[in-house]
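A short write-up of the structure that comes next.
All of the numbers you see were taken from the coordinates with simple rules; none came from a lab. Note that the structure is predicted; figures quoted are calculated from it, not measured. Note that each Cβ is placed from the backbone with ideal geometry, even for glycine, and that neighbours are counted across all protein chains shown.
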Amino acid sequence: MGINPAWKPCEISPDSISAGSGAGVAALAEWLDATPDLQGLLDREKALVFRGFGVTEDQLGPVMDRLLPNRLAYVHGNSPRTKVGDNIYTSTEYPAEFTISMHNELSYAHSWPARLMFCCVTAAETGGATPVVDAALWLEALDDEIRERFADGIRYTQNLHGGVGLGKSWQETFETQDREQVDAFLAASRAVGEWRRDGSLRVTQLRPATTLHPRTGAQVWFNQSDQWHPAALGDETAAALARLLPADELPQSVAFADGEPIPAEYVLQIRDRALEAAVDVNWRRGDVLLIDNLLVAHGRRPFTGARRVLVAMSD
């Protein structure tokens, strides 16, 4: 399957669908009901932007019912976000001045969502775009040396505190207070959990660096090695964390599958080449973005002013 360097999401507007019932949510719902092969369209286009339908937060239900038929909880997620409804969350709540690098949601986990849907409730005053990148193009953009070294996969480690500490707690991460539920989840996902005396939990898991899309057959870069590596945080932040904690005690860390450290220059290339190849979705209030989570990675540009983008996911 060829890679198109000029790829960008497919934009769908009331004009493009000749909506007979107007330009609002009802028109979008009508079009989705009349589209027999939305999955095929998403396989071909990889990402869809629904623009001009004026979707509001209280109108999300009918849209999500059609785009995400089986919404999932953000269990085992490592980024900070707030649950605002039935498996509806705010987008990652990192400080506005930082770029969030490209990633496929939950690519470090045993299972991941097939689709992600974003809805812009409030557009930022400046910036705040969601960059998206073709994950096959991302893989192709990396040096052969990096692709070869990652061929055996990645070892991820999480240190989740029990209520007070750096990063997320295990209770937030797994959306439960029940240790037995966590143990069952980890066993089913082939991850190793170690409960510690201070009430924290260490999770270790081995995962592949690439995967094949089940329908298109595309091979894609599919991991979060750069986001879990301190080098991607910048020299000052990485140095500050090193002074606070040894590497194996950080909230999250990453290594090659054999346990060898991943060189900083590898993760910086991985991060930067994805951002360079990315296409920005510049939000307007009421926009909805649907992406195939294997074929497309996403991130966030810095912004000023208020910004509220909601996200939900499905298998």
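Looking at the square roots a ≥ b ≥ c of the eigenvalues of the Cα gyration tensor of the range 44-199, which shape do they give, rounded for a/c under 1.5, prolate if a/b is larger than b/c, or oblate?
On the way: a/c = 1.71, a/b = 1.20, b/c = 1.42.
Here the range 44-199 falls in the oblate category.
Normalise the Debye intensity by I(0) for the chain, one equal point scatterer per Cα, no solvent, then take log10 at q = 0.14, 0.15 Å⁻¹ and round to two decimals.
The calculated log intensity ratios at q = 0.14, 0.15 Å⁻¹ are -1.14, -1.30.
Using θ = phi - 60° and the Karplus curve 6.51 cos²θ - 1.76 cosθ + 1.60, what whole-Hz ³J(HN,Hα) does each residue of the range 216-228 get, with Gly and Pro shown as x?
So the Karplus estimates, Gly and Pro as x, are 7, x, 5, 8, 10, 5, 8, 6, 10, 4, 6, 5, 8 Hz.
Could you work out the relative contact order of the range 139-272, using alpha carbon pairs under 8 angstrom and six or more residues apart, expressed as a whole percent?
Working: 187 pairs, mean separation 42.2, N = 134.
Relative CO of the range 139-272 lands at 32 percent.
Using unit Cβ charges (K, R positive; D, E negative) and no other charged atoms, how large, in debye to the nearest 20, is the dipole of the chain about its Cα centre? Present the calculation step by step, with values, prior to reporting the outcome.
Values: 29 positive and 43 negative charges, 86 e Å.
Here the chain has a charge dipole of around 420 debye.
Express in nm, to one decimal, how much length is gained between Asp143 and Ala184 on full extension, taking 0.36 nm for each residue of separation and deducting their alpha carbon distance. It would help to have the intermediate numbers written out before the result.
On the way: separation 41, 0.36 × 41 = 14.76 nm, distance 3.89 nm.
Value of the extension gain: 10.9 nm.
Which value in deg cm²/dmol, rounded to the nearest 500, describes the helix-derived mean residue ellipticity at 222 nm for the chain, given -39,500 (n - 2.57) per DSSP H run of n ≥ 4 and division by the residue count?
Numbers: 10 runs with 81 residues, N = 315.
Counting only the DSSP helices, I get -7000 deg cm²/dmol.
Quick one: divide the alpha-carbon radius of gyration of the range 109-213 by 2.2 N^0.38 Å and tell me what you get.
Compared with the compact-globule rule of thumb, the range 109-213 sits at 1.39.
Based on the Cβ-Cβ distance from Glu175 to Thr35, what FRET efficiency comes out when R0 is 30 Å, to the nearest 0.05?
My answer for the efficiency is 0.35.
In nanometres, what is the gap between the two model label sites at Asn282 and Asp58, each 7 Å from Cα along Cα-to-Cβ?
3.1
With each pseudo-label sitting 7 Å past Cα toward Cβ, what's the Ser111-Ala257 distance in nm, one decimal?
Result: 2.3 nm between the two label points.
Each residue of the range 108-120 in order: what ³J(HN,Hα) in whole Hz does its phi give by Karplus 6.51 cos²θ - 1.76 cosθ + 1.60, θ = phi - 60°, with x for Gly and Pro?
With the stated coefficients, the range 108-120 comes to 8, 9, 5, 9, 9, x, 7, 10, 10, 10, 10, 9, 8 Hz.
Under 14 Å from the 7 Å Cα→Cβ point of Arg308, by amide nitrogen: which residues of the range 268-297?
Answer for the range 268-297: 285-287.
Looking only at Tyr156, Tyr108, Tyr266, which one moves most when the chain is put into a Gaussian network model with springs between Cα atoms under 10 Å?
Evaluated over the chain, the most mobile residue of the options is Tyr266.
What share of Cα pairs, in percent, lie more than 27 angstrom apart in the range 139-272? Walk me through the intermediate numbers first.
Working: 2432 of 8911 pairs.
The answer is 27 percent, as a whole percent.
Which whole-Hz ³J(HN,Hα) couplings does the range 148-162 yield from phi under the Karplus relation 6.51 cos²θ - 1.76 cosθ + 1.60, θ = phi - 60°, glycine and proline marked x?
5, 5, 8, 4, 8, x, 9, 9, 9, 10, 10, 10, 9, 6, x
Could you give the length gained on full extension between Leu166 and Ala73, defined as 0.36 nm per residue of separation minus the Cα-Cα distance, in nm?
On the way: separation 93, 0.36 × 93 = 33.48 nm, distance 2.30 nm.
Result: 31.2 nm gained on full extension.
Measure of size requested: the Rg and Dmax of the range 137-185, with Cα atoms as the atom set and Å as the unit; please supply both.
Here Rg and the maximum Cα pair distance are 17.1, 44 Å.
How high is the relative contact order of the chain, given as a whole-number percent (alpha carbon pairs under 8 Å, six or more residues apart)? Please list the in-between numbers first.
Details: 613 pairs, mean separation 111.7, N = 315.
Relative contact order of the chain: 35 percent.
If you fit an axis through the alpha-carbon atoms of helix 264-277 and take the longest principal axis of the Cα set of the chain, what angle between them do you get, 0 to 90°, nearest 10?
Its long axis makes an angle of about 0 degrees.
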